[in-house]
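Take this structure, written in structure tokens, and hold onto it; I'll ask about it next.
What follows is calculated from the coordinates using simple rules that are stated; it is not laboratory data. Here the structure is a predicted model, which is why all the values come from computation and not from measurement. So basically every Cβ, Gly included, is an ideal-geometry build from the backbone, and we count neighbours across all protein chains shown.
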């Protein structure tokens, strides 16, 4: 299996047709690995393609939510390799974990706004400059 971990391009929807733009051919990939997204990630993507976020802070922005990594299973071969770990399944209380999720989301959004508005976001190495290469 082949993994591709360029999170910024994955977030922006890199597919086989984007090979000419990004230089990445994912057609032969069984699995693509990237940041797990929620609604705040779409804000980041939108601001990135509007040239409001510098590439240099993109990975840090994507990791602020603490949601972890997700995998896109693209092929039957990859799917066939999956198996359930029944001994590791556990029941969790919805309200407890929902409250934790909401608190983490509020904190991540604050950190995201702070980083976007900081001096670290130089807005010089932005999306449109990637297209010029």
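So, by mean Cβ neighbours within 10 angstrom, what's the order for 111-121, 47-57, 79-89, 93-103 with the highest one leading? Numbers along the way, then the final one.
Values: 111-121: 13.2, 47-57: 16.6, 79-89: 7.7, 93-103: 10.0.
Result, highest mean Cβ count within 10 Å first: 47-57, 111-121, 93-103, 79-89.
So if we plug the beta-carbon distance of residue 131 and residue 42 into 1/(1 + (r/R0)^6) with R0 = 25 Å, what FRET efficiency do we get, rounded to 0.05?
Details: r = 20 Å, r/R0 = 0.82.
E between residue 131 and residue 42, to the nearest 0.05, is 0.75.
For a quick check: sort 76, 59 by the number of other beta carbons within 10 angstrom, fewest at the front.
76, 59
Can you tell me how region 28-133 classifies by the Cα gyration tensor, rounded, prolate or oblate, using a/c under 1.5 as the rounded cut? Walk me through the numbers before you get to the answer.
Numbers: a/c = 3.56, a/b = 1.35, b/c = 2.64.
Here region 28-133 falls in the oblate category.
Please compute the modelled spin-label separation between residue 114 and residue 77, points set 7 Å along Cα→Cβ, answer in nm with one decimal.
Label at residue 77, label at residue 114, 4.5 nm between them.
A further question follows. Using a Debye calculation, one point per C-alpha and no hydration shell, please list log10 I(q)/I(0) for region 59-117 at q = 0.29 Å⁻¹ in order.
The Debye formula, applied to the Cα set alone, gives -1.12.
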